[in-house]
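Visitor: Please find one structure pasted underneath; my questions will follow.
The values are calculated or read from the model by the stated rules, or taken from the named source; none is laboratory data. Keep in mind that what you see is a predicted model, and the values were worked out from it rather than measured. Reconstructed Cβ throughout: ideal geometry from the backbone, glycine too, with neighbour counts over all protein chains shown.
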Amino acid sequence: MALLLISLSILIISSLLILLFCRSKEISACVFLWSLVAACGFGLWSALSVLCQKAMSLPLTGVDFRVHGTIPLGEFYIGIDALSAFFLLLFFILSLAAGIYGYGYLRDYTGQRNTGVHFALYHLLIIVITLVLVAKNAVLFLVAWEIMTFVSYFLITFYNESESVRKAGYLYLISTHVGVFCLLVMFLIMGAQAGSMNFDQMTATQFPLALAALLFMLAFVGFGIKAGFIPFHIWLPHAHPAAPTHISALLSGVVVKLGIYGLMRVMAIVKDFPLWCGVLLLIMAAISGVGGVLYALGQHEIKKLLAYHSIENIGIITLGLGIGMIGHAYHQETVAFIGYAGALLHTFNHAVFKGLLFLSAGSVIHCTHTGDMDHMGGLFKLLPWTGHLFLIGSLSICGLPLFNGFISEWLVYRALLEGVFHLDVFGIIFSSLAIVALALVGGLAALCFTKAFGVIFLGSNKSSEGHQGKEGRLSNIDIKEGDLMLRGPMILLAAICLWGGLFPANMVYFAFQGTQAITGLQIPFVLKEAVINPLLSATRVLSFGGVIFSVLALVRDFLVLHYPVRLTETWSCGYVKLSHRMQYTASSFARPILKIFRSALVFRVEGKISKEYFPAWTSLKSSVKDVSESLLFRPLFYVIKKFSRKLKWIQSGHTQTYILYVFLFLVILLVWKLI
Amino acid sequence: MLKILKTRFKQGCRTILFPKAKAPDLPQRYRGRPIIAGQNGSIDLGKIFFNPDSDIVYSNDYSMATSKREDLVLSQEREMALARALNERMLKIFGRSLKLRQVSAGGCNACELDLNVLNTPVFDLSRFGIQFVASPRHADGIVVTGPVSRNMREALLKTYEAIPEPKLVIALGGCAISGGIFSDSPQASHGLDTIIPVDLFIPGCPPHPLTTLDGLLRLLGRISS
């Protein structure tokens with residue numbers, strides 16, 4: 001706890017220092033960098049020290065920090081339990097990586113904006129997110145949550161000279177505010193039931209089942225908006241591309257995960273929910289997972305694609321949570337433990353590999369000055385570091401063996417299979433359907449990242465013709481690898497991806513620690529062994545295969561060394577006017593699979609394919625329309641707008657009218673008091 | 001399918017025994033290698049069209065393919081030098097498996113048609129390990145037919161470029177060898193060997209399948225004179 005307080009105070013002092021020195025770019029950036037490293041180091045230390053405790057001490061009284069009687073109902077009461085510690089771990093890792101990257105990214109920034117203020121806000125965001133994660137008082141939690149929303153709004157709208165960025169920022173602000181309304185009601189009900197706004201008392205309170213269901217619905221909407229469940233996800237694909245890269249990474253890796261943290265915290269407090277809550281969560285998770293990856297397939301913009309993948313991965317996490325809740329409702333603790341552990345571990349893994357993917361996508365955008373994948377291509381040779389790191393991120397997100405995504409998806413699968421074995425008919429049906437959904441998500445994600453990696457890094461550069469005449473390619477001087485400040489954080493994250501995939505025991509153990517904090521029960525040692533051992537042996541065999549594969553690759557490289565290499569152009573059946581644009585694009589690669597699912601999503605191809613022998617000028621454009629945005633929210637917003645326009649006369653803009661309102665209000669209050 | 005199998009069974013093996021045995025006798029009408037004796041001057045096999053109206057007297061001999069362009073010119077002074085086998089290294093690579101890509105560079109389809117005959121059961125080209133493939137990326141060499149018109153020139157060069165090293169080039173028919181009846185036209189080139197190095201010249205208009213097969217087998221060292 002002391003370590004965390006040190007880290008927080010470092011952040012507070014340094015953010016003030018940054019604001020003080022924000023006139024000088026160099027000093028503020030330097031203060032930012034070193035304070036970030038120090039604070040994240042202390043934070044990680046404190047999180048790890050809690051997670052590494054051998055036995056679980058249920059009420060962690062020794063490590064709380066409390067300031068009494070600060071605001072009515074609320075007090076400054078923070079403490080780290082294993083669940084908080086697990087999220088703190090992923091949060092500090094990612095904020096360290098994203099922060100250093102942001103330092104490198106904004107160093108060359110020559111625009112109008114003051115980067116010092118941006119850095120100070122970044123520190124403030126770290127402070128409030130830490131507070132959200134360690135708050136043990138509902139009022140403190142809500143206050144920190146609100147400040148977090150505002151701070152991240154300012155961080156997202158860094159490039160606020162563009163209209164679309166401002167709009168995305170507003171959308172984010174409004175959607176999350178709707179969520180906060182639900183959370184406020186939820187915590188008030190909880191507090192009224194428990195007689196205190198502290199989480200400890202709430203945990204000790206028994207909630208009736210009907211009330212628990214109501215609380216669940218409120219939490220589901222409130223936290224679901226933050227987490228980006230379909231259909232509440234509409235802010236997500238707009239905010240991610242709008243934000244600067246390191247903020248997108250933090251947004252997708254941590255801010256979205258806070259929705260998951262909130263749900264887990266509510267589960268830890270309320271504990272017993274009716275069965276249908278778990279089923280609802282499972283269904284929504286499957287929809288989010290499949291929907292997220294299908295929408296991702298239809299995207300041309302790299303950051304938007306990654307944003308939709310966040311929705312997909314939230315779906316996978318929630319599948320684990322849902323099966324955990326179902327298992328809990330059936331009193332099958334094995335299912336619950338593995339489900340929760342899978343959800344937690346995937347939360348961590350997703351934060352790491354999605355952070356890696358966003359940062360490497362940011363490097364690509366930094367070099368090519370466009371986010372449109374159809375203008376990229378052939379970057380693997382020009383950006384070997386970024387290419388390989390993006391590849392590692394892609395392999396992890398697809399859940400392929402030897403990378404960390406595999407481990408957590410294995411756990412979720414395992415929980416669902418346990419569900420098939422231990423539950424009754426109803427449970428079996430839902431678990432097996434969830435397995436099908438998870439398998440579909442995995443396959444489509446692999447397809448989607450084949451597309452993303454192939455279109456961005458392989459082939460030859462598609463934009464070269466448009467920019468620099470017929471023969472000109474993007475010159476090597478134009479595109480060059482970023483320096484260590486950009487590369488270092490990505491290498492760190494990639495190393496964690498590999499470490500989590502090759503040596504999974506530690507992270508699975510940490511996830512089990514977090515699970516104990518959610519359920520409040522001790523996990524039997526036998527169960528831990530039963531889950532970890534098969535994982536370890538599978539990893540061992542797979543890494544042996546990986547070693548053989550790499551040896552074969554090296555042997556091949558060695559043998560080829562003696563032969564001369566001849567470079568010729570791509571075989572085009574003798575076609576003379578071969579151009580760089582005659583390649584697979586993001587749209588054409590995804591088209592066959594999107595056609596299969598066209599009834600499920602609004603997939604559109606504009607323009608027509610010419611069937612003549614000598615086709616004249618033609619253009620094709622494919623797009624995927626977000627169903628919940630265009631069919632649900634847009635009409636809803638339209639109705640609201642129309643309705644509120646009718647009330648506009650109240651707000652006339654004349655000062656006299658407003659004084660009249662105040663006068664009338666006072667009169668009403670007086671009359672009220674008299675009666 | 002059963003019907004086909006039945007017919008095949010009924011017809012038996014139709015493949016000729018060439019080169020192990022002598023090739024079947026060709027009909028009297030067949031115009032093979034010209035008889036140079038008793039004629040004045042020389043005859044360029046790459047330029048004549050083997051038409052019956054000319055003064056040239058033709059024999060029944062089908063072996064005419066050569067390794068060099070100048071060997072196609074028959075004269076009274078010397079014996080005709082037929083195609084020689086490839087060197088040892090090339091034979092090691094191509095001797096038992098040769099994949100070819102056909103490029104019709106402005107051809108009239110006569111050569112292509114008679115090249116196709118080699119794939120029929122009678123000649124059964126694939127028993128020698130020689131096959132035609134769809135892409136130059138899979139090929140060891142190209143068979144060029146036609147006078148290489150200006151429009152096909154670049155496509156031909158691209159195909160040649162696309163074949164992995166080492167590669168063979170075979171010029172099939174009078175048009176490919178010398179431009180043939182188009183040799184006066186500015187739209188055609190005057191011989192494939194002026195564009196890319198050629199390893200085998202097979203004259204004829206079009207060459208008889210036996211001529212082509214004989215040339216290919218000589219190139220691969222299966223027939224020695």
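Visitor: What's the number of the condition A:Val352 fails, among (1) in a helix (DSSP H, G or I); (2) out of contact with any Cys (no Cβ under 9 Å at 6 or more places or on another chain)?
Guide: (2)
Visitor: Can you name every one of the strands (runs of 3 or more DSSP E) wholly within region B:77-168 that holds 3 or more residues which are within 14 Å of chain A (Cβ to nearest Cβ)?
Guide: On the way: elements: B:98-104, B:130-132, B:141-145.
Counting at least 3 such residues, we get B:98-104.
Visitor: Of everything in region A:531-575, what is in contact with a Leu (Cβ under 7 Å, 6 or more places away or on another chain), more than 14 Å from chain B (Cβ to nearest Cβ) and within 29 Å of B:Val133 (Cα to Cα)? Give them in sequence order.
Guide: Correct list: empty.
Visitor: So how many residues does region A:283-297 have that are more than 19 Å from the chain's Cα centre (by Cα) and buried (at least 24 other Cβ atoms within 10 Å of the Cβ)?
Guide: Going residue by residue through region A:283-297, those that are more than 19 Å from the chain's Cα centre (by Cα) are A:283.
Okay, now just the ones that are also buried (at least 24 other Cβ atoms within 10 Å of the Cβ), so none.
So the count comes out to 0.
Visitor: For the structure I just gave you, tell me whether A:Arg598 is among the basic types (Lys, Arg), away from chain B (no Cβ under 14 Å) and within 23 Å of A:His375 (Cβ to Cβ).
Guide: Working: among the basic types (Lys, Arg): yes; away from chain B (no Cβ under 14 Å): yes; within 23 Å of A:His375 (Cβ to Cβ): no.
Considered against the rule, which asks whether it is among the basic types (Lys, Arg), away from chain B (no Cβ under 14 Å) and within 23 Å of A:His375 (Cβ to Cβ), A:Arg598 comes out as no.
Visitor: Looking at (1) buried (at least 17 other Cβ atoms within 10 Å of the Cβ); (2) in a helix (DSSP H, G or I); (3) more than 14 Å from every other protein chain (Cβ to nearest Cβ), which is the only condition B:Pro207 fails?
Guide: (2)
Visitor: Restrict the check to region B:187-199 and report whether at least one residue is farther than 19 Å from B:Arg31 by Cα, more than 14 Å from chain A (Cβ to nearest Cβ), part of a strand (DSSP E or B) and more than 13 Å from the chain's Cα centre (by Cα).
Guide: Yes.
Visitor: Continuing with the same structure: Of the numbered conditions (1) surrounded by fewer than 24 Cβ atoms within 10 Å (Cβ to Cβ); (2) at pLDDT 90 or above, A:Val256 satisfies every one except a single condition; which is it?
Guide: Unmet condition: (1).
Visitor: Of everything in region A:575-612, what is within 17 Å of A:Leu305 (Cα to Cα) and among the β-branched types (Val, Ile, Thr)? Give them in sequence order.
Guide: Of everything in region A:575-612, those that are within 17 Å of A:Leu305 (Cα to Cα) and among the β-branched types (Val, Ile, Thr) turn out to be A:Thr585, A:Ile593, A:Val602.
Visitor: Can you name the number of the only condition in (1) surrounded by 10 or more Cβ atoms within 10 Å (Cβ to Cβ); (2) free of Cβ contacts under 8 Å to residues at least 60 places away in the same chain; (3) closer than 18 Å to B:Phe123 by Cα; (4) not small (Gly, Ala, Ser) that B:Lys20 fails?
Guide: (1)
Visitor: Scanning for something in contact with a Pro (Cβ under 8 Å, 6 or more places away or on another chain), more than 14 Å from every other protein chain (Cβ to nearest Cβ), surrounded by fewer than 16 Cβ atoms within 10 Å (Cβ to Cβ) and not in a strand (DSSP E or B), does region B:59-66 turn up at least one residue?
Guide: So far as region B:59-66 goes, yes, one or more of its residues are in contact with a Pro (Cβ under 8 Å, 6 or more places away or on another chain), more than 14 Å from every other protein chain (Cβ to nearest Cβ), surrounded by fewer than 16 Cβ atoms within 10 Å (Cβ to Cβ) and not in a strand (DSSP E or B).
Visitor: Follow-up. So, of the residues in region A:579-612 that are out of contact with any helix residue (DSSP H, G or I) (no Cβ under 9 Å at 6 or more places or on another chain), in a loop (DSSP other than H, G, I, E, B) and of a type outside the set (Ser, Thr, Tyr), which turns out to be surrounded by the most Cβ atoms within 10 Å (Cβ to Cβ)?
Guide: That would be A:Met582.
Visitor: Give the residue, chosen from A:Ile326, A:Ile316, that is among the β-branched types (Val, Ile, Thr), under 29 Å from A:Phe92 (Cα atoms) and either modelled with pLDDT of 90 or more or surrounded by 24 or more Cβ atoms within 10 Å (Cβ to Cβ) (or both). Give the steps one after another, and end with the answer.
Guide: Working: A:Ile326 fails: under 29 Å from A:Phe92 (Cα atoms).
Sole residue among the options that is among the β-branched types (Val, Ile, Thr), under 29 Å from A:Phe92 (Cα atoms) and either modelled with pLDDT of 90 or more or surrounded by 24 or more Cβ atoms within 10 Å (Cβ to Cβ) (or both): A:Ile316.
Visitor: Now a separate question. Which one is surrounded by the fewest Cβ atoms within 10 Å (Cβ to Cβ) among residues in region A:220-253 that are of a type in the set (A, V, I, L, M) and within 13 Å of the chain's Cα centre (by Cα)? It would help to see each step written out before you state the result.
Guide: From region A:220-253, those of a type in the set (A, V, I, L, M) are A:221, A:225, A:227, A:230, A:234, A:236, A:239, A:242-243, A:247, A:249-251; that's our starting set.
Adding the requirement that they be within 13 Å of the chain's Cα centre (by Cα) leaves A:225, A:227, A:236, A:239, A:247, A:249-251.
On the way: A:Ile225: 23, A:Ala227: 28, A:Leu236: 28, A:Ala239: 30, A:Ile247: 28, A:Ala249: 32, A:Leu250: 30, A:Leu251: 26.
Only one residue tops the list, namely A:Ile225.
Visitor: Check A:Lys528 against each of (1) within 14 Å of chain B (Cβ to nearest Cβ); (2) basic (Lys, Arg); (3) under 26 Å from A:Trp410 (Cα atoms) and name the one condition it does not meet.
Guide: (1)
Visitor: If you don't mind, another one. Which of the residues belonging to region A:404-454 are touching a Ser or Thr at 6+ places or on another chain (Cβ under 9 Å), under 16 Å from A:Gly322 (Cβ atoms) and of a type outside the set (A, V, I, L, M)?
Guide: A:Ser408, A:Glu418, A:Gly419, A:His422
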